[in-house]
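Colleague: Before anything else, here's the structure in question.
The values are calculated or read from the model by the stated rules, or taken from the named source; none is laboratory data. Keep in mind it's a predicted model, so treat the numbers as computed, not measured. Reconstructed Cβ throughout: ideal geometry from the backbone, glycine too, with neighbour counts over all protein chains shown.
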Amino acid sequence: MVAIIRVVAASAFLVSSQVTAAGQTIPATVEKGLKVAVVDDSGASVEGRVQDVTPESVRLDIRGAATDIPVARIVRIERPDTVKNGALTGLGIGAALGLISTAADPQGGAVLVWWAIRKPACR
């Protein structure tokens with residue numbers, strides 16, 4: 001359940017943090033220290049950490065160098081996906097399936113535990 005809530009929250013963040021046209025403002029969710037990918041009007045994508053957000057530009061720290069990107073040139077701001085997101089989703093699904101299969105076992109999971117302990121290792 002927690003994994004589903006995190007996925008929904010991450011999806012809502014990604015939808016809210018996209019800037020689609022010149023003249024738009026940068027959402028409040030884009031704050032200092034956040035790792036983002038900025039796509040400009042030429043299609044180039046730049047990844048870095050947000051240092052500052054003003055109505056005129058977004059300043060990113062890209063490998064130790066500060067780069068200002070004018071808001072008028074920004075097409076989209078995205079938060080890159082991480083491995084942690086997928087790992088938490090897999091953990092949640094695996095735990096749910098394990099609990100369901102244990103609950104469905106007429107012996108309350110005893111057969112599954114016995115099978116895991118007694119099964120000889122494949123050689």
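Colleague: Among the residues of the stretch 67-84, which ones are assigned to a strand (DSSP E or B) and more than 11 Å from the chain's Cα centre (by Cα)?
Modeller: Within the stretch 67-84, 67, 68, 69, 70, 74, 75, 76, 77 qualify.
Colleague: What are the pairs with Cβ atoms under 9 angstrom where one residue, in the stretch 18-35, is hydroxyl-bearing (Ser, Thr, Tyr) and the other, located anywhere, is at pLDDT 55 or above and not in a loop (DSSP other than H, G, I, E, B)? Sequence gap at least six, or different chains.
Modeller: If the second residue must be at pLDDT 55 or above and not in a loop (DSSP other than H, G, I, E, B), the pairs left are 20/75; 20/76; 25/71.
Colleague: Do you know which residues across the stretch 30-66 are within 19 Å of the chain's Cα centre (by Cα) and assigned to a loop (DSSP other than H, G, I, E, B)?
Modeller: 30, 31, 32, 33, 34
Colleague: Which residues, counting only those in the stretch 85-104, are modelled with pLDDT under 85 and within 14 Å of the chain's Cα centre (by Cα)?
Modeller: Result: 85, single match.
Colleague: Do you know which residues across the stretch 50-84 are among the hydroxyl-bearing types (Ser, Thr, Tyr) and either within 17 Å of residue 29 (Cβ to Cβ) or modelled with pLDDT of 90 or more (or both)?
Modeller: Listed by number, the residues that qualify are 54, 82.
Colleague: Looking only at the stretch 29-43, filter to residues that are closer than 22 Å to residue 82 by Cβ and not β-branched (Val, Ile, Thr); which one of those is modelled with the lowest pLDDT?
Modeller: Across the stretch 29-43, the extreme among qualifying residues is 31.
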